[in-house]
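The values are calculated or read from the model by the stated rules, or taken from the named source; none is laboratory data. Every value quoted in this text rests on a predicted model; they were computed, and no experiment measured them. Here the Cβ is made from the backbone with ideal geometry for all residues, glycine too, and neighbour counts use every protein chain on show.
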Amino acid sequence: MTLDRPTAIAATGLRKSYGELTVLDGIDITVPEATVFSLLGPNGAGKTTTVQILSTLIQGDGGSVRVAGHDLGTDADGVRGAIGVTGQFSAVDNLLTGEENLLLMADLHHLDRREGRLRTAELLERFDLVDAAKKPPSLYSGGMRRKLDLAMTLVGDPKVIFLDEPTTGLDPRTRRTMWAAIRELVAGGVTIFLTTQYLEEADELADRIALLDHGKLVAEGTSDELKRLIPGGHLRLQFTDPAELDHAARAFAGSTRDDAALALQIPSDGDVHSLRAVLDHLDVASIEVASLTVHTPDLDDVFLALTGRPAEKEIVR
Amino acid sequence: MSTPLTLAARDSRTMLRRNMRRWVRYPAMTVQLIGIPVIFLLMFAYVFGETLGAGLGGPAGDRDDYINYLVPGIILMTVSASVQGTAISVAMDMYEGIIARFRTMAISRGAVLTGHVIGSFLQTLAGLAIVIGVSLLIGFRTNGNVAEWAAAIGLICLFSIALTWLAVAFGLKAKSVETASNLPTLLVLLPFLGSGFVPTDSMPAGLRWFAEYQPFSPVIETVRGLLLGTAIGNDAVIALAWTAAIGIVSYFWALKLFRRPPVR
């Protein structure tokens with residue numbers, strides 16, 4: 001579905017180290033236009049460093065990057081003209097009012113006066129900041145600051161937006177508002193590069209997710225593909241009759257029975273093929289099942305299995 | 001129509017407007033920075049003036065003589081107090097996150113710093129106008145003609161710009177906003193450790209050597225010579241040499257620091 005779109009971000013062999021410490025160890029990223037790419041990883045995995053390199057803030061030690069058709073190495077200003085960045089630390093001027101912050105951005109994007117005023121008014125409206133327009137952000141709530149921050153990023157109509165943990169520390173309601181704003185942008189053709197620690201957020205928003213750990217991408221795919229990457233998925237058969245449970249437990253080698261709940265767990269990656277095999281087997285053995293549910297591991301399992309627990313690292317390698 | 005140069009000028013103007021607006025919003029610092037030299041002027045004139053005037057050893061040697069002696073030192077103190085504000089506002093910027101935003105935008109690289117330097121310079125000029133105004137009110141009398149005043153103001157302006165770039169570098173170098181004013185505070189002390197308040201002849205040998213060769217003294221002596229007709233000698237040349245050296249070194253230092261990767 002997104003395969004035929006032009007590429008908005010293409011990075012190959014990106015590396016960065018600070019002295020002995022390797023922060024990024026050769027990562028490749030491809031993001032098609034008008035999609036959301038989410039970089040997921042624990043603190044210190046190199047997420048922010050990646051954003052800083054892709055958004056021209058710092059230089060990588062190796063690799064090549066094209067953003068919105070501009071080469072990062074030879075045309076950094078071209079990249080800057082096409083991107084917007086909202087980092088995890090709010091980048092607003094606390095001594096100017098919300099409105100003045102937006103007008104400052106309009107001036108720096110070289111919009112003429114009238115255009116700048118229109119754009120400012122429109123963004124204040126869109127992010128529900130009209131009442132707060134004449135107040136400095138130091139009087140804003142955390143959510144309002146983040147909205148102003150994103151609004152400032154949008155003044156220049158960027159084609160590619162980097163959001164570095166955009167909802168960290170926000171209340172659930174404001175988080176939903178941000179998500180809605182992000183979806184609206186993508187619908188309008190904007191490409192989003194999102195870093196987050198929240199699996200739910202990546203699951204909600206991202207077309208593709210990459211897991212970053214110790215400077216390497218340990219997995220990449222859609223949310224569903226990632227969930228299927230690790231074992232732990234199973235089919236759960238619910239019975240009403242203990243005799244049927246016995247019957248089924250004998251029929252499926254490798255299953256785990258739960259006598260108290262009258263349930264049987266059969267390991268499965270949850271794809272249609274293995275599901276059909278189980279159903280056929282149940283038919284042939286004429287086992288009566290009250291209900292069947294498919295459990296795929298959630299991103300939490302993936303996250304922990306791929307980045308967190310040293311004991312399970314063999315799975316990755 | 002929009003060459004890189006006009007865009008750079010436009011971006012610098014935008015940044016200058018931003019800085020001016022920040023001062024209006026946060027006037028406490030400006031008031032304090034201009035207030036310090038005025039308070040020192042009044043204190044030295046009225047508390048110590050009579051005694052120090054007698055110590056100058058002139059024929060009359062009273063308060064009025066001392067006010068004339070004092071004002072060039074206070075003028076330089078105004079400059080160094082003002083650039084203290086520069087260092088603080090630069091450091092505030094660096095730790096507020098908005099600089100990271102500026103760096104990811106297609107704006108002229110130097111505009112952020114140029115905006116600070118021009119803004120600070122205008123603030124220094126305002127401070128100088130107030131301090132010179134108060135000086136004239138309390139009896140500062142010069143025999144400088146228009147050309148001598150112009151030369152004195154020209155030198156003070158050049159020296160201000162050089163110190164402003166130094167303060168920008170200090171602000172960029174500072175580990176936090178709180179420590180940003182540490183190094184510039186030394187600049188406020190330098191007029192004391194020079195010929196700003198008393199002639200250097202009256203100091204013990206080691207201190208006198210420092211007082212005579214540090215950058216503020218030749219500037220103060222040159223301004224004093226231009227406005228009061230005292231001997232300038234080679235002080236003017238030394239003053240210009242110091243100004244150029246501080247300005248050029250600080251300029252490149254500040255640019256180098258500004259190009260560093262961001263702190264966060």
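Here are a few things to note about the model shown:
- Boolean, residue B:35 is surrounded by fewer than 21 Cβ atoms within 10 Å (Cβ to Cβ) and modelled with pLDDT of 90 or more: yes
- Residue within region A:140-148 that is in a loop (DSSP other than H, G, I, E, B), under 11 Å from the mean Cα position of the chain (by Cα), modelled with pLDDT under 95 and of a type in the set (Phe, Trp, Tyr) present: no
- Summed over region B:2-33, residues that are of a type in the set (Phe, Trp, Tyr) and either away from chain A (no Cβ under 11 Å) or not in a loop (DSSP other than H, G, I, E, B) (or both) total 1.
- Top-ranked residue in region A:88-125 [being acidic (Asp, Glu) and away from every other protein chain (no Cβ under 14 Å); ranked as farthest from residue A:144 (Cα to Cα)]: A:115
- Qualifying position, being outside the structural domain of residue A:207 (by TED's automatic domain parsing), modelled with pLDDT under 95 and in a loop (DSSP other than H, G, I, E, B), among A:74, A:56, A:2: A:2
- The number of residues in region A:177-195 being among the polar types (S, T, N, Q) and at pLDDT 95 or above comes to 1.
- Test: residue in region B:242-260 that is away from every other protein chain (no Cβ under 14 Å) and farther than 26 Å from residue B:168 by Cα: no
- Residue B:98 meets the conditions (1) away from chain A (no Cβ under 14 Å); (2) out of contact with any helix residue (DSSP H, G or I) (no Cβ under 8 Å at 6 or more places or on another chain); (3) crowded, with 22+ Cβ neighbours inside 10 Å in every case but one. The failed one is (1).
- Within region A:148-161, not a single residue is among the aliphatic types (A, V, I, L, M), more than 14 Å from chain B (Cβ to nearest Cβ), in contact (Cβ under 8 Å) with a residue 60 or more places away in the chain and touching a Leu at 6+ places or on another chain (Cβ under 7 Å).
- Among residues of region A:215-253, those that are within 35 Å of the chain's Cα centre (by Cα) and of a type outside the set (Val, Ile, Thr), counted: 21
- The requirement of being of a type in the set (Lys, Arg) and under 18 Å from residue B:103 (Cα atoms) is fulfilled nowhere in region A:7-17; no residue meets it.
- Evaluation of residue B:139 against (1) outside any helix (DSSP H, G or I); (2) within 13 Å of chain A (Cβ to nearest Cβ) (one fails), failing number: (2)
- Check on residue B:252, assigned to a helix (DSSP H, G or I) and either among the hydroxyl-bearing types (Ser, Thr, Tyr) or within 30 Å of residue A:60 (Cβ to Cβ) (or both): yes
- Taking region B:194-211 as the range and being closer than 27 Å to residue B:141 by Cβ and assigned to a helix (DSSP H, G or I) as the test, the residues that pass are B:200, B:201, B:202, B:211.
- Residues within region B:102-121 that are touching a helix residue (DSSP H, G or I) at 6+ places or on another chain (Cβ under 7 Å), more than 14 Å from residue B:7 (Cβ to Cβ) and facing chain A (nearest Cβ under 7 Å), tallied: 1
- Qualifying residue in region A:186-203 (condition: in contact with a Gly (Cβ under 7 Å, 6 or more places away or on another chain) and either within 14 Å of chain B (Cβ to nearest Cβ) or of a type in the set (S, T, N, Q) (or both)): no
- When residue A:134 is tested against (1) within 14 Å of another protein chain (Cβ to nearest Cβ); (2) closer than 16 Å to residue A:37 by Cβ, exactly one condition is not met: (2).
- Test for residue A:83: is it crowded, with 22+ Cβ neighbours inside 10 Å and within 14 Å of chain B (Cβ to nearest Cβ): yes
- Candidates in region A:44-75 are the residues that are more than 9 Å from every other protein chain (Cβ to nearest Cβ) and among the hydrophobic types (A, V, I, L, M, F, W, C); of these, the one that is surrounded by the fewest Cβ atoms within 10 Å (Cβ to Cβ) is A:68.
- Some residue of region A:206-223 being of a type in the set (Lys, Arg) and surrounded by 19 or more Cβ atoms within 10 Å (Cβ to Cβ): yes
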